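See structure below.
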């Protein structure tokens, strides 16, 4: 006995005129038939609608299981379906992102036009105008081979070329021009337009909020760093770092700190205004919490690097918005390779004076072939053992380190988290898939969390990194939740964790006793509420659990 689609519709319309047939057990599609069992079930649901409701009322799988099944189905379907699932999934924190590298090229082009900058047509880079006309308003005079930035939008070919110049879009490695070179060269090209900090904060916060992120730690170099470096050069380099620090402080080193804090005040005020924070029209981006990591340019002379590291420790001690410091610029550059041990010694000496300041370090963003084999032997270990790094950025070459398994065990015991940047590691180092150490870190219980690095340059977002991780390494939904929780567990916000500590790695099975039974609720109560008041970290973690509950309820 078979009923086709048309026979079924006639039965249904006789019983329920004007209503489309909806079956609890099966959907009938045009031109298809149902079996005896399906047909009987369909007829029974029509004649007795309560049957469907009773079936729906049966105890379903718990929400986390339903979400896990939805992820499995999306993974089977492909990356596009995965993106749809993961875009909405709570992603907690992005702990490794450079502010200017996170801005998309289109935003730089718009800012350059407003700033009256010019475009060098040969190098496809922004440059300052040679002069300004006496007109009202004044207009930039660019000179031969250059055009005004405000004219770029009228030339689609040039517009596209600039986007490609400022990012990895359409880039294909050729002899003498690697992905590594293109990636790092972009910064110098768009740098003249890269000083609208408030505008850029709004851009990254808006993008984060749309993807259900809640917390960002953004690397940023204050504009006054050169002033401090000049002072260090004037004082003269000293190998005794404690003495060198004191000489700089005596020379007025701290005088620049109020101006730097004012720079952050201005940027954050602009961000709040753009987002309407505190008003009835507040945008979702207002909910994204932002803290900063002082960004030290390490491809500099020793006096300059020392001054910048000292500035980072001083800023983090003076302003709670700056939660730590990091060293940046290509790790394979001559100075970074030659002075790597020296830089770790500088951090070690200053960390003894500023023990409460958090440290995360780019280490292991190198690979065989990019540097000689001996250059791969010690960066991560020295960052952990000498530089006191609580987190490692990239950590790609860990298996090329001396005694790598001992190092992995040490990182797990010390709970040193690795900030994993899959796309960045691919385009810069050509390390991906089975060549990437992400599975090895997880095997040895080293905490890991996904991050973007430079989402504007890479033309990605954090969701893209989650899609890539699931598509490549087949993470389950509970494993993804642990990745997300790891990010908030290892952020540099003050306060105790919401989770009870494990001996090795992280364990998100047991919340602190006072919050047991309350995870996922809209608001904490009793002693849990009191506990959260004293911990910004735990507040973010509690909010993440609420977001997971809301997300999982949609399945």
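Among the residues of segment 428-468, those identified as over 12 Å from the mean Cα position of the chain (by Cα) and outside any helix (DSSP H, G or I) are 430, 431, 432, 436, 437, 444, 445, 446, 447, 448, 459.
If the condition is being in contact with a strand residue (DSSP E or B) (Cβ under 7 Å, 6 or more places away or on another chain) and surrounded by fewer than 24 Cβ atoms within 10 Å (Cβ to Cβ), then segment 417-431 contributes only 425.
Being loosely packed, with under 15 Cβ neighbours inside 10 Å and out of contact with any helix residue (DSSP H, G or I) (no Cβ under 7 Å at 6 or more places or on another chain) is not true of residue 527. Those helices (runs of 4 or more DSSP H) of segment 301-368 in which at least 2 residues are touching a strand residue (DSSP E or B) at 6+ places or on another chain (Cβ under 7 Å) and more than 21 Å from residue 230 (Cβ to Cβ), considering only elements entirely within it, cover 340-353. Would you be able to say whether some residue in segment 389-408 is under 25 Å from the mean Cα position of the chain (by Cα), surrounded by fewer than 21 Cβ atoms within 10 Å (Cβ to Cβ) and assigned to a helix (DSSP H, G or I)? Yes, there is a match, as at least one residue in segment 389-408 is under 25 Å from the mean Cα position of the chain (by Cα), surrounded by fewer than 21 Cβ atoms within 10 Å (Cβ to Cβ) and assigned to a helix (DSSP H, G or I). Applying the condition of being touching a strand residue (DSSP E or B) at 6+ places or on another chain (Cβ under 9 Å) and in contact (Cβ under 8 Å) with a residue 24 or more places away in the chain to segment 498-511 and asking which residue is surrounded by the most Cβ atoms within 10 Å (Cβ to Cβ) yields 498.
Okay, residues lined up against (1) touching a helix residue (DSSP H, G or I) at 6+ places or on another chain (Cβ under 7 Å); (2) surrounded by 16 or more Cβ atoms within 10 Å (Cβ to Cβ); (3) in the same structural domain as residue 200 (by TED's automatic domain parsing); (4) at pLDDT 95 or above:
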{"position": "244", "(1), (2), (3), (4)": "yes, yes, yes, yes"}
{"position": "279", "(1), (2), (3), (4)": "no, no, yes, yes"}
{"position": "284", "(1), (2), (3), (4)": "yes, no, yes, yes"}
{"position": "293", "(1), (2), (3), (4)": "no, yes, yes, yes"}
{"position": "311", "(1), (2), (3), (4)": "yes, yes, yes, yes"}
{"position": "316", "(1), (2), (3), (4)": "no, yes, yes, yes"}
{"position": "328", "(1), (2), (3), (4)": "no, yes, yes, yes"}
{"position": "333", "(1), (2), (3), (4)": "no, no, yes, yes"}
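Among the residues of segment 243-263, is any more than 32 Å from the chain's Cα centre (by Cα), in contact (Cβ under 8 Å) with a residue 12 or more places away in the chain and in a loop (DSSP other than H, G, I, E, B)? Yes; the residues of segment 243-263 include at least one that is more than 32 Å from the chain's Cα centre (by Cα), in contact (Cβ under 8 Å) with a residue 12 or more places away in the chain and in a loop (DSSP other than H, G, I, E, B). When residue 46 is tested against (1) modelled with pLDDT of 95 or more; (2) more than 30 Å from residue 418 (Cα to Cα); (3) in a helix (DSSP H, G or I), only condition (1) is not met. Which of the residues belonging to segment 409-427 are more than 20 Å from residue 473 (Cα to Cα) and in a helix (DSSP H, G or I)? Within segment 409-427, 409, 410, 411, 412, 413, 414 meet the criteria.
One residue stands out in segment 221-242 among those that are under 17 Å from residue 294 (Cα atoms) and buried (at least 21 other Cβ atoms within 10 Å of the Cβ): the one that is nearest to the chain's Cα centre (by Cα), namely 222. For segment 217-242, a residue qualifies if it is part of a loop (DSSP other than H, G, I, E, B), under 25 Å from residue 320 (Cβ atoms) and modelled with pLDDT of 95 or more, and exactly one does: 221.
The values are calculated or read from the model by the stated rules, or taken from the named source; none is laboratory data. Quick caveat, the model's predicted, so the values are computed rather than measured. Quick reminder, even Gly has a Cβ in these numbers, built from the backbone with ideal geometry, and neighbours come from all protein chains shown.
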